[in-house]
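Quick notes on the structure that follows.
The values are calculated or read from the model by the stated rules, or taken from the named source; none is laboratory data. None of these values were measured; they are calculated from a predicted model. No Cβ is skipped: glycine too gets one built from the backbone with ideal geometry, and neighbour counts run over all protein chains shown. Areas reflect the complete protein model, heavy atoms only, side chains present, ligands, DNA and RNA absent. Shrake-Rupley method; radii C 1.70, N 1.55, O 1.52, S 1.80 Å.
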Amino acid sequence: MEDLRQRAATLDASDPLAGRRQRFSIPDGLVYLDGNSLGVLPAHVPARVADAVTRGWGQQLIRGWNTEGWIDLPRRIGVRIAPLIGAAAGSVLCADSTSINLAKLLQAALAMVPERQVVLSDTGNFPTDLYVAQGQLAQGGRLVTVAPEDVRAAMTPEVGVLMLTQVDYRTGRLHDMHDLTARARELGIVTIWDLAHSAGALPVDLSGAGADFAVGCGYKYLNGGPGAPAFLYARPDLQDRVGSRLTGWMGHAAPFAFDPDYRPAEGIDRFRVGTPPILSMVALDAALDVFDGVDMQAVRDRSISLGELFIACIDRFAGRFGLELASPRDAARRGSQVSWHCPDGYAVMQALIARGVIGDFREPDLIRFGFAPLYLSHSEVVEAAAILQEILTGRAWDQPRFHARAKVT
Ligand SMILES: Cc1ncc(COP(=O)(O)O)c(C=O)c1O
C-alpha cells in the first residue's frame, strides 16, 4: 500500500477543501467513515448551543421567540439549505423528521393526482420511505416497487407519484434525477426525492431537474447532530396550490390569531405543524456555517477522489477475503459512500470500530463506508483500508464480543 499512501499524500497536499477539516472537532486517532449516518461535530456548535441555552432560554425565556428570531428559524435554515440542493430561497423548510416530511409531501402529491393513487418506488429505497407510503395508502391506492434499474420503464400513465431516494442507502447507487424527473413530467407523474444521502455530499439541482417535492436529513452530511431536524422542499409554483393533511397551528396563516378554523399559511410555511425544536435547530443552523463559501462541485470532486482511492486500496485484498463490491464501480453512478458484501460483515465492522475506524453494517452482509468530503483526508482513507486488511488477515474479528449484536448497527 506504500504507493497508495504516497498518492494520498499528494492528493491531500493539493486539495482545495483540506482547510475545512480544522472547523470540525474530530476525536484523535479516529478515522470516521460514517458521516453519511451521523456527521461530525463542527467545532463552533457547542458554544452556539450553550448560548442558546444560557442566554436565549435562560435569560430571554419566552421573549426569545421574537428577540432571538426562533419563530422564523425553520424558514431561515431552509434558506441556508436551499443552495446546497439547487432550490430557490423560500422553497425549503426545516421541520420535523424526514419520515414526517415525507408523509406530509406524499399526502400533498397524492391529492394532486386523485385518479392515479399509485406510488412508484424502488426496492432499494430506505424502509421508512416505503413504510410511510404504505401508511398513506392504507385507505386506498397502491405502492409499486421495482428494481432501481427498472424504475424508468415502470413509469406509466397509471402512476401518480414517483417517490425515490437519490442515493441508495446500502449501495450508494445514484439515480439520474434529471432524466427520471423529466420522464415523470412527460407522464404527469408527481416527483418526490429523498435527499438523505445527497444533501451536503454532492451538487443537487432540484430547480433545474424540475422536481416537485423533496425531503432530506439534517444529521448526516449537514452535521446537525443526532436526531437533527430534517428539511422539505416544494416547487415554488406548487406551494400555494397544495398542502398536507397534517395541519397544525404553526402552519396556519396567522397562528397567533388562534382562529378555530385552519387556514394555510402562504408558501412553504404551510408545511409547518407544531412548535419547532429550537435547541436542535440552533445546532443545525450553526453547523451549516461550515458550508459557507463551499463549492458543491469541489465537494463532489473530493468525494469521488476519496471513494476511488478507498476502492483501489480494498481491491488489493478483497478477493482473498471474499469481499465483493456492492456499489457501482463507476464513480459517476455513485453517491458519497461505498459498501462491500463481506462474510461475517457485522463482526468485521465491530473489530474495525474497535481499532478506531468507524463505518457501519447494513443487512444482510454489507460493510458500508461514507466519505464526508469536508473533513476526511485521503491519507485517512488509506489507513482505514490498511487496518481492515490487518483485521481480515489476522481474523481479529472472530471473537465473541464482535459477534454480539447491538441495537443500532
Ligand atoms: C434515505 C433515508 N430516508 C430517511 C431516513 C431517516 O428518516 P428519519 O429522519 O425520519 O429518521 C434515512 C436514515 O438513514 C435514510 O437513509
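Spin-label pair ASP295-ARG405: with each label point 7 Å from Cα along the Cα-Cβ axis, the two points sit 4.7 nm from one another. Our helix-only sum for the chain, with -39,500 (n - 2.57) per DSSP H run of n ≥ 4 divided by its residues, gives a mean residue ellipticity at 222 nm of -9500 deg cm²/dmol.
Surface composition of the chain: carbon plus sulfur atoms contribute 54% of the solvent-accessible area (1.4 Å probe, protein chains only, all chains present). Using a Förster distance of 41 Å, how high is the FRET efficiency between GLN6 and ALA43, based on the Cβ-Cβ distance and rounded to 0.05? Working from the Cβ atoms, E equals 0.85. Over all other residues within a Cβ to Cβ distance under 12 Å of ASP194, the charged ones net out to -2, with Lys and Arg as +1 and Asp and Glu as -1. Between VAL144 and ALA88, the distance separating the two model label sites (each 7 Å from Cα on the Cα→Cβ line) works out to 3.2 nm. Counting only whole DSSP H helices of the chain, the ones at least 24 Å long by C-alpha along their axis and with mean Kyte-Doolittle hydropathy no lower than -1.0 are 296-315. Here the translational diffusion coefficient of the chain follows from Stokes-Einstein with Rh set to the Kirkwood radius across Cα pairs; for 4 °C and 1.567 mPa s it amounts to 58 µm²/s.
Counting Cα-Cα pairs of the range 261-400 in 5 Å increments starting at 0 gives whole-percent bin shares of 2, 9, 16, 17, 14, 10, 10, 8, 6, 4, 3, 1, 1, 0. Divide the volume of the convex hull around the Cα atoms of the range 154-253 by the residue count and you get 132 Å³ per residue. Amide H contacts under 5 Å for GLY86: VAL204, LEU206, restricted to partners 5 or more places along the chain or on a different chain, H placed in the peptide plane at 1.01 Å from N.
Residues in the chain average 41 Å² of solvent-accessible surface per residue, probe 1.4 Å, ligands and nucleic acids excluded.
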